[in-house]
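Here the structure is laid out as structure tokens; the discussion comes afterwards.
The values are calculated or read from the model by the stated rules, or taken from the named source; none is laboratory data. Keep in mind that this is a model prediction, so the values were computed, not measured. Here the Cβ positions follow ideal geometry from the backbone for every residue, glycine too, while neighbour counts run over all protein chains shown.
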Amino acid sequence: MTIPAAIGAQLRGLRRTLLGFSLPVLGLLCGAWLLHRATGISIRRLTADPAVVLRWHPLTGMLFHLGVLLWNAAAAICFFCYSVAAGRAPRRHRTMLLAAGLLTTLLVLDDLFLFHERLFPKYLGLPEPLTCAGYAVLVLVYLWAFRREILQTDFLLLALALGCFGVSVICDQFFADRPWGFLEDGAKLLGIAWWCAYFARVGRRALSSPAPL
């Protein structure tokens, strides 16, 4: 097969993949341009690395960025295992992974775009404690909805993660001044690491389930 023919064959076979991954990115780029036109925010500020735009040191927010990567890893693990475990793991276990992926995605978006700290209070009039309480309610609903499945897993990791998140929130709400800030950020990063470890183990267990006959 010639190279042009191979490229044509791949284009036909990859149509859905190309569209599925390209359209959301193009939509985000259009959204950034519209936001730039509507607010006057520099398009560079919406698209480039903040450290480059603001001329920060490259290591600024190093541990925060690591936490975001761990959040993303946990969400990706949950979505991947939910998809691959179809027909193998029980439906409830797969739904547990899907819900965890969605919840983790919400949390990482909150981290990245400062939903509860800046955007919600400024544009929606929602005070930060109210948003934090809303997230806590979502976590409690998740724990209650999948309590039976969670008790079949290594739930100690999940409990440690939630405990660290609790310490971080308490420090943020009541002890915002330094040096409490280091404890807030450190507890949060440790909690994210344990959150990721927990769902990695849950996902591995779902994938190792024997396929039904």
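Structure summary
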{"quantity": "Condition broken by ALA89, with the remaining ones in (1) over 24 Å from ASP172 (Cβ atoms); (2) among the aliphatic types (A, V, I, L, M); (3) touching a residue at least 60 places away in the same chain (Cβ under 8 Å); (4) outside any loop (DSSP other than H, G, I, E, B) satisfied", "calculated": "(4)"}
{"quantity": "Residue match in segment 40-61 (condition: touching a residue at least 40 places away in the same chain (Cβ under 8 Å) and surrounded by 10 or more Cβ atoms within 10 Å (Cβ to Cβ))", "calculated": "no"}
{"quantity": "Filter pass, CYS196 being modelled with pLDDT under 90 and touching a helix residue (DSSP H, G or I) at 6+ places or on another chain (Cβ under 8 Å)", "calculated": "no"}
{"quantity": "Test result for VAL52, out of contact with any helix residue (DSSP H, G or I) (no Cβ under 8 Å at 6 or more places or on another chain) and among the hydrophobic types (A, V, I, L, M, F, W, C)", "calculated": "yes"}
{"quantity": "Where ARG94 falls short, out of the listed (1) charged (D, E, K, R); (2) surrounded by fewer than 16 Cβ atoms within 10 Å (Cβ to Cβ); (3) touching a Phe, Trp or Tyr at 6+ places or on another chain (Cβ under 8 Å)", "calculated": "(2)"}
{"quantity": "The listed residue being assigned to a helix (DSSP H, G or I) and at pLDDT below 85, out of VAL68, VAL52", "calculated": "VAL52"}
{"quantity": "Filtered residues of segment 153-190 (kept if surrounded by 12 or more Cβ atoms within 10 Å (Cβ to Cβ), in a loop (DSSP other than H, G, I, E, B) and of a type outside the set (D, E, K, R))", "calculated": "THR153, PHE175"}
{"quantity": "Criterion: aliphatic (A, V, I, L, M), assigned to a helix (DSSP H, G or I) and surrounded by fewer than 14 Cβ atoms within 10 Å (Cβ to Cβ) - qualifying residue of LEU140, LEU119, LEU103, LEU107", "calculated": "LEU140"}
{"quantity": "Test: ALA145 is surrounded by 13 or more Cβ atoms within 10 Å (Cβ to Cβ), under 15 Å from VAL202 (Cβ atoms), in the same structural domain as PHE80 (by TED's automatic domain parsing) and in contact with a Cys (Cβ under 9 Å, 6 or more places away or on another chain)", "calculated": "no"}
